[in-house]
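Remarks on the structure that follows.
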Amino acid sequence: MKKLNFIFILVLLIFLYIFLLSFNYTQAVSSDLSDSVLRLHIIANSDSEADQKLKLQVRDNIIKYMNSLTADSNSKTDVISIVSNNLDSFKKIALNTIKENGYDYDVNIKIGNFYFPTKTYGDISFPSGNYDALKVEIGDAIGQNWWCVLFPPLCFVNSSSATVPDDSKETLKENISSEGYEVISEGNNGENNNSDIKIKFKIIEFFNNFRK
């Protein structure tokens, strides 16, 4: 009986140790990614075909303006500063796009820290978790949403098939740890055989979804 109790306690301690290691690992990598990435989040007025089309038109004009402002920016801090100083301009662009398409929806636009599910951009995958983002809410903002990464600039990448350009990958490497880069570049890639990285990616997803 004493031997069984000892084994039970030993297994429990090992489990707790692994749990704590995994939790701390998730905290470290998630914080690294969150500190290095700025995302764009646009929520449509509704799920009607017209409102979803309008959402994409607002997206295109905001990204176009964003690219013109941040073409020479090499850090998230710089990009957030630029965005913060131009929130009124972003809102004006969104409102003008809406008006040009025959609608009178209002727009709520802000920078904050928000939860995102796992998302793949070409051959780069970001695990679920909280990220800083520029959020654009159109009208009632109850429709399907759209998101991408503003910094490093991945918004132009076709999420279903494209490969992220090397210059964007280099910017990622410069702004996050080598461990974080390994996780996002290999962890959710179906063609990659690095099972260790895949497991780490799933661990991060599990803990971030658990804390959501």
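The values are calculated or read from the model by the stated rules, or taken from the named source; none is laboratory data. Remember, predicted model here, so these are calculated numbers, not experimental data. Reconstructed Cβ throughout: ideal geometry from the backbone, glycine too, with neighbour counts over all protein chains shown.
Name the single residue, out of those in region 52-74 being farther than 17 Å from Asn96 by Cβ and in a helix (DSSP H, G or I), that is modelled with the highest pLDDT.
Let us first name the residues in region 52-74 that are farther than 17 Å from Asn96 by Cβ, namely 52, 67, 70-74.
Subset that is in a helix (DSSP H, G or I): 52, 67, 70.
Details: Gln52: 94, Asn67: 86, Thr70: 84.
Checked region 52-74; the qualifying residue modelled with the highest pLDDT is Gln52.
Checking Asn108, Asn74 one by one, the residue that is of a type outside the set (Lys, Arg), under 17 Å from Ala141 (Cβ atoms) and surrounded by 13 or more Cβ atoms within 10 Å (Cβ to Cβ) is Asn108 and no other. Only one entry in Leu54, Leu150, Leu87 is crowded, with 17+ Cβ neighbours inside 10 Å, touching a residue at least 12 places away in the same chain (Cβ under 8 Å) and farther than 27 Å from Pro165 by Cβ, namely Leu54. Per the listing Ser178, Ser161, the residue uniquely more than 14 Å from the chain's Cα centre (by Cα), of a type in the set (S, T, N, Q) and modelled with pLDDT of 70 or more is Ser178.
Would you mention how many residues in region 87-102 are assigned to a helix (DSSP H, G or I) and either of a type in the set (S, T, N, Q) or in contact with a Ser or Thr (Cβ under 9 Å, 6 or more places away or on another chain) (or both)? Working first, answer last.
The first filter runs over region 87-102 and keeps only residues assigned to a helix (DSSP H, G or I), leaving 87-100.
From the residues that got through so far, the ones that are either of a type in the set (S, T, N, Q) or in contact with a Ser or Thr (Cβ under 9 Å, 6 or more places away or on another chain) (or both) too are 89, 96-97.
The number of residues fulfilling the criteria is 3.
Per the conditions (1) outside any helix (DSSP H, G or I); (2) closer than 18 Å to Pro153 by Cβ; (3) not small (Gly, Ala, Ser), the sole criterion not satisfied by Thr77 is (1). Scanning region 119-130 for residues that are closer than 22 Å to Ala50 by Cβ and among the basic types (Lys, Arg) turns up nothing.
Let me spell it out: the conditions are (1) farther than 24 Å from Glu179 by Cα; (2) among the hydrophobic types (A, V, I, L, M, F, W, C); (3) assigned to a strand (DSSP E or B); (4) at pLDDT below 95, and Phe114 meets all of them except one. Which number is the exception? The single condition Phe114 does not satisfy is (1).
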